[in-house]
Amino acid sequence: MKEVAVYTDGACSGNPGPGGFGVVLLSGGHRKELCGGYRRTTNNRMELLAVIKGLEALKERCRVTLYSDSKYVLDALTKGWARRWRANGWRRNRKGELAVNPDLWTQLLELCDRHEMHYQWVKGHAGDPENERCDKLSTGALTRPNLPVDEQYERAERGTAGSPFDRAP
């Protein structure tokens, strides 16, 4: 099984605001960088989307070490929160509070199931070269002209979607 290091970062100018994601994939001397963004979204959505885009780039089952500075993403994956939210119909707790970003969590959990996943938190803006590169990719992406619409987020923000996305229900 191929071993792949996947570094990810998300950024947002304002929250919500224009957002971007950056990904660096490393495997056997090969390197691939990915980035993109949306005109109006949230930082947490971009953190999730970075991981999704990184895992989508893998064409076969791999042993993946995911490096992220997002406690939101890593805690939800390593502590089983996201799987529990999914099992409970995207409810976070017994009070029935809705989990945010279920569209992205659904995609991410399916992608994680395809690979042997390992997780590593890295402190952001602390000199890790690949994390710094991801930051540059994500912040650069959010400043591009004519960013596409994050339709799921904007629909939810208008109140025309069934689930909240980084906003109070």
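The values are calculated or read from the model by the stated rules, or taken from the named source; none is laboratory data. As the structure is a prediction and not an experimental result, all values here were calculated from the model. Positions of Cβ are backbone-derived with ideal geometry, glycine not excepted, and every protein chain shown enters the neighbour counts. All accessible areas refer to the heavy atoms of the entire protein, side chains included, with ligands and DNA or RNA removed. Shrake-Rupley method; radii C 1.70, N 1.55, O 1.52, S 1.80 Å.
Odds and ends about this structure:
- Take 25-34, 48-57 and order them by the average number of nearby Cβ atoms within 10 Å per residue, most first; the result is 48-57, 25-34.
- Cα-based shape type of the stretch 69-169, given that a ≥ b ≥ c are square roots of the gyration tensor eigenvalues and the cut on a/c is 1.5: oblate
- Relative contact order of the stretch 1-151: 35 percent, from C-alpha pairs under 8 Å at least 6 residues apart in sequence.
- Backbone HN-Hα couplings from phi across the stretch 118-123 [Karplus 6.51/-1.76/1.60, Hz, Gly and Pro as x]: 9, 10, 9, 7, 10, 6
- For the stretch 93-108, 3J(HN,Hα) computed residue by residue from phi via the Karplus equation (6.51, -1.76, 1.60; θ = phi - 60°) reads 7, 5, 6, x, 5, 6, 6, 8, 6, x, 4, 6, 4, 4, 4, 5 Hz, glycine and proline entered as x.
- Each Lys and Arg Cβ is given +1 and each Asp and Glu Cβ -1; about its Cα centre, the stretch 1-151 then shows a dipole of about 420 debye.
- Only one residue of M117, V64, L98 has its Cα farthest out toward the positive end of the dipole of the stretch 21-169, where Lys and Arg carry +1 and Asp and Glu -1 on Cβ, and that residue is L98.
- Residues of the stretch 1-151: accessible area per residue with a 1.4 Å probe, Å²: 50
- Here the gap between K95 and D113, fully extended at 0.36 nm per residue and compared with their Cα-Cα distance, gives a gain of 3.6 nm.
- Computed about the Cα centre, the dipole magnitude for the stretch 25-107 is approximately 300 debye when only Lys and Arg (+1) and Asp and Glu (-1) carry charge, each at its Cβ.
- Close amide H pairs (under 5 Å, H built 1.01 Å from N) link T41 with G17, G19, residues at least 5 positions away or on another chain.
- Backbone phi angles across the stretch 76-83, fed through the Karplus curve with coefficients 6.51, -1.76 and 1.60 (θ = phi - 60°), yield HN-Hα couplings of 5, 7, 6, 9, x, 4, 4, 5 Hz in residue order; Gly and Pro are listed as x.
- Mean separation of Cα contacts under 8 Å, 6 or more apart, over the residue count of the stretch 81-156: relative contact order %: 16
- Distant-in-sequence amide contacts of C62, defined by a placed amide H-H separation under 5 Å and a gap of 5 or more residues or a different chain, comprise E116.
- Amide H contacts of A99 (H built 1.01 Å from N, under 5 Å, at least 5 apart or other chain): R91, R92
- Global geometry of the chain, whether rounded, prolate or oblate, following the gyration tensor of its Cα atoms and the 1.5 cut on a/c: oblate
- Positive-end extreme of charge dipole, the chain - chosen from T41, A5, G140 (charges on Cβ): T41
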